[in-house]
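Asks: Got a structure for you, questions after.
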Amino acid sequence: MDPLLRPGHNAPHLPAAMGPGYADVFDRLSRQGGRVETTGTNALPTFDAHAGAKQASFQPYQNNGGSVVAVAGKDFCVVASDTRFGLGFAVPTRMISRNLVLNDKVVLATAGMQADTCTLHKVLRIRLDMYRQNHGKDMSLGAVSQLLSNTLYYKRFFPYYTFNVLGGVDENGEGFCYGYDAIGSHEKVKVVCTGSSQSLIQPVLDNQVDGKQMYDGQPVAELSLEQTVELVKDCFSSAGERDIYTVGLDGRGQPPLYVKILKLAFVLTSHPLRSKYTRSHFIQGQSPAVRDSQTTTDTYFT
Amino acid sequence: MFRNQYDTDITTYSPQGRVHQIEYAMEAVKQGSAVVGLRSATHVVLATLKRSSSELASNQRKLFEIDSHVGIAIAGLTADARVLTRFMRAECHNHQYVYETPMPLSRLVLAVADKSQVATQRASKRPFGVGLLVAGYDTTGAHLYQTCPSGNYFEYEAFAIGARSQSAKTYLEKHFESFAALSLEELCRHAILALQETVASSKDTELTTRNTALAFVGRDTPWTMVEDDSVEEYLLVLDAEDELEEGDADAARQQTQQPPAAMDES
């Protein structure tokens, strides 16, 4: 057996890497170096002298890793994702965007298979554009949450291999987020994370934001925006130290995090958002002078 | 246009080689209220006159967003325009989904034209009774197109359709050569002045915030509509023009040393 581990090939003699384990099929993805094996044969059609000729099989899924977090505050929500595109033990891309800025109030972040992430994001973006044209207003957080759930369940028997978090501010201006599984089960919460570091980050957030498992009887103070951002950055840098599929620090040892403020929803990502994907909105009855003075986005590097 | 025995059917030619039903459909466009469009190298502006059926009714909207880089102004049967709007939006979404790039205007207008043509060659259909001015900005620059019920489409530097649009076209013909280098503000000024030509002859209509709407799109400028109170600042150019005309009239009078015009002369 070749001791040199090549990306995409399985290595049964090495300990299995931790990975998201929702369904049994998905669980095997991490152990098979990124490619799922539904028929029990090798990922690639190779000839192995020890085991005889192998058969090719249909391999629709890959686990590209990544973690996404959303933490909601009183009137804001911080949505963050890491930027590593993994495939087994390899890193095909260091900078991938897992976020989709849907509108001023809603941001989606998705971990899992990048191809399904891209397609899901495309579908949702078009659906939101259609809603805006038909209804004359942006989709609210609650409406988007249901749309995403329905879109995922629509593919119940050939799912999008995606683990989503949706964050933003609702119609009352209060911050909320939603966590999803691959087929659309969702829950409205104040703090959620999913992806490969879920089991590492979620307990920290439960403790620091929700005050769970605190035995000193002190109530947890509500976090400000700056404190939330720092907490999320710390979560990622810690998770990145223990989870090979998540990166918390860039090559210089600094968190290369890029914050984009959208009115009351904040997006934190290690990758500059591609502005062409952010559609401008139908602005009813406003002259250019008025529109330009209402800057809805500020950006700064942290 | 006189009634004759060859005009009942869309599938019947006249001996002169005309299909009268198509021409009648184009008449429907001329019944709609005026719509004016003009472009520079970087921006396109559409100005519309919104009609209302009564004081109680709202004024019918004539500007529609198709995508953030395209919009249309309609003249004619509003219901047909709704159908075409839905079709154009779907085409743009599809193109964006498949190619991850905004739909080029020429292809969008071609799709509308082909759809319109189908309706002129089926016994079971009638032509769309609406003309569009399609304004947009794509990788090849700013464009203004006109579509017809006949299935024809044309690109223009500036154009007007609808009732009394000839007056607007006359104004545009005088000034269009200067449009290419103008700023957005100046383009809007010309659009309002051109639109005003269509109501100048009629004594009881003037451009107000209620019956005027404006829209523009261009480089770094997504489709933006200006309606209701926001139109006010654009209509100020009309007051400025009036003052200018009065000023010129005064100067002319002084030059020729004629006595000022009497109050009952206009």
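Asks: Being acidic (D, E), part of a loop (DSSP other than H, G, I, E, B) and surrounded by fewer than 17 Cβ atoms within 10 Å (Cβ to Cβ), is that true of even one residue in the stretch A:149-172?
Replies: The answer is yes; a qualifying residue exists.
Asks: Looking at B:V29, B:V44 in this structure, which one is of a type outside the set (S, T, Y) and in a strand (DSSP E or B)?
Replies: B:V44
Asks: Out of the stretch A:73-97, which residues are open to solvent by 10 Å² or more (accessible area, probe 1.4 Å) and not in a loop (DSSP other than H, G, I, E, B)?
Replies: Hits for the stretch A:73-97 are A:F85, A:L87, A:A90, A:V91, A:P92, A:T93.
Asks: Of the residues that make up the stretch B:221-234, is at least one among the β-branched types (V, I, T), within 11 Å of chain A (Cβ to nearest Cβ), out of contact with any Gly (no Cβ under 8 Å at 6 or more places or on another chain) and touching a residue at least 60 places away in the same chain (Cβ under 8 Å)? Walk me through it before giving the result.
Replies: Going residue by residue through the stretch B:221-234, those that are among the β-branched types (V, I, T) are B:221, B:224, B:226, B:231.
Keeping just the survivors that are within 11 Å of chain A (Cβ to nearest Cβ) gives B:221, B:224, B:226, B:231.
Narrowing further to those that are out of contact with any Gly (no Cβ under 8 Å at 6 or more places or on another chain): B:221, B:224, B:231.
Okay, now just the ones that are also touching a residue at least 60 places away in the same chain (Cβ under 8 Å), so B:221.
Yes, the stretch B:221-234 contains a residue that is among the β-branched types (V, I, T), within 11 Å of chain A (Cβ to nearest Cβ), out of contact with any Gly (no Cβ under 8 Å at 6 or more places or on another chain) and touching a residue at least 60 places away in the same chain (Cβ under 8 Å).
Asks: Hey, among A:L128, A:L120, A:L100, which residue is part of a strand (DSSP E or B), within 14 Å of chain B (Cβ to nearest Cβ), among the hydrophobic types (A, V, I, L, M, F, W, C) and closer than 30 Å to B:M88 by Cα?
Replies: The unique qualifying residue is A:L100.
Asks: Go through the stretch B:235-260 and report how many residues are at pLDDT below 80 and either open to solvent by 60 Å² or more (accessible area, probe 1.4 Å) or within 14 Å of chain A (Cβ to nearest Cβ) (or both).
Replies: Number satisfying all stated conditions: 15.
Asks: Might you check whether a residue that is in a helix (DSSP H, G or I) and either open to solvent by less than 50 Å² (accessible area, probe 1.4 Å) or small (G, A, S) (or both) occurs anywhere in the stretch B:61-79?
Replies: So far as the stretch B:61-79 goes, yes, one or more of its residues are in a helix (DSSP H, G or I) and either open to solvent by less than 50 Å² (accessible area, probe 1.4 Å) or small (G, A, S) (or both).
Asks: Out of all the residues in the stretch B:199-209, is one or more surrounded by fewer than 19 Cβ atoms within 10 Å (Cβ to Cβ), in contact with a Lys or Arg (Cβ under 9 Å, 6 or more places away or on another chain), touching a residue at least 40 places away in the same chain (Cβ under 8 Å) and away from chain A (no Cβ under 14 Å)?
Replies: Within the stretch B:199-209 (the criterion being surrounded by fewer than 19 Cβ atoms within 10 Å (Cβ to Cβ), in contact with a Lys or Arg (Cβ under 9 Å, 6 or more places away or on another chain), touching a residue at least 40 places away in the same chain (Cβ under 8 Å) and away from chain A (no Cβ under 14 Å)), the answer is no, since none of the residues qualifies.
Asks: Do we have A:Y178 as open to solvent by 10 Å² or more (accessible area, probe 1.4 Å) and assigned to a strand (DSSP E or B) here?
Replies: For A:Y178, the condition - open to solvent by 10 Å² or more (accessible area, probe 1.4 Å) and assigned to a strand (DSSP E or B) - is met.
The values are calculated or read from the model by the stated rules, or taken from the named source; none is laboratory data. Treat the numbers as computed from the prediction; the structure is a model and nothing was measured. Please note: Cβ atoms are built from the backbone with ideal geometry, for glycine as well, and neighbour counts cover all protein chains shown. For accessibility, only protein heavy atoms count, side chains too; no ligands or nucleic acids. Shrake-Rupley method; radii C 1.70, N 1.55, O 1.52, S 1.80 Å.
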